[in-house]
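Data first, discussion second: the structure below is written as structure tokens.
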């Protein structure tokens, strides 16, 4: 297997993350069609920001994405853009965003704040490359100058 590196003016990199984003209150709101919309939104953001969504899938209350990105972008910038655009598009298509139900005077009212699609948190882990033990061994075995 050959590795394709991202080559830029002052760097050669291979930065990949496995990203997991969950819906607000872990509500099951996604359908197959809405996941397709989220995937399309992620790909549009990726094209504009010059990163790549290598793989995407999800379930009723969360999505997984494998992302390759340049060193000039932080993971939080990527996540903020992905969540912001996908949430906006999700609402524009008429899908209902999850809201916390509050009991008040015998009725149920949504909170005063606007409903949000995504939880503010996310999970990201580096992906790809050699296992940690292999890298440690490689570094240990470097020849020291005399």
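Working only within segment 19-41, note down all residues that are closer than 16 Å to residue 127 by Cβ and buried (at least 16 other Cβ atoms within 10 Å of the Cβ). Walk me through how you get there before you give the answer.
Going through segment 19-41, the residues closer than 16 Å to residue 127 by Cβ turn out to be 19-21.
Residues satisfying the conditions are 19, 21.
From the list 12, 63, 53, which residue is surrounded by fewer than 17 Cβ atoms within 10 Å (Cβ to Cβ), within 20 Å of residue 126 (Cβ to Cβ) and free of Cβ contacts under 8 Å to residues at least 60 places away in the same chain? Please lay out each step first, then the result.
Details: 63 fails: surrounded by fewer than 17 Cβ atoms within 10 Å (Cβ to Cβ); 53 fails: surrounded by fewer than 17 Cβ atoms within 10 Å (Cβ to Cβ).
Every option except 12 fails the conditions.
It is to be established whether one or more residues within segment 84-93 are surrounded by fewer than 17 Cβ atoms within 10 Å (Cβ to Cβ) and touching a residue at least 60 places away in the same chain (Cβ under 8 Å).
So far as segment 84-93 goes, no, none of its residues is surrounded by fewer than 17 Cβ atoms within 10 Å (Cβ to Cβ) and touching a residue at least 60 places away in the same chain (Cβ under 8 Å).
Does residue 19 count as assigned to a strand (DSSP E or B) and modelled with pLDDT of 95 or more?
On the way: assigned to a strand (DSSP E or B): yes; modelled with pLDDT of 95 or more: yes.
Yes.
The values are calculated or read from the model by the stated rules, or taken from the named source; none is laboratory data. Bear in mind the structure is a predicted one, so any value in this text is a computation, not a measurement. Cβ: placed from backbone, ideal geometry, glycine included. Neighbour counts: every protein chain shown.
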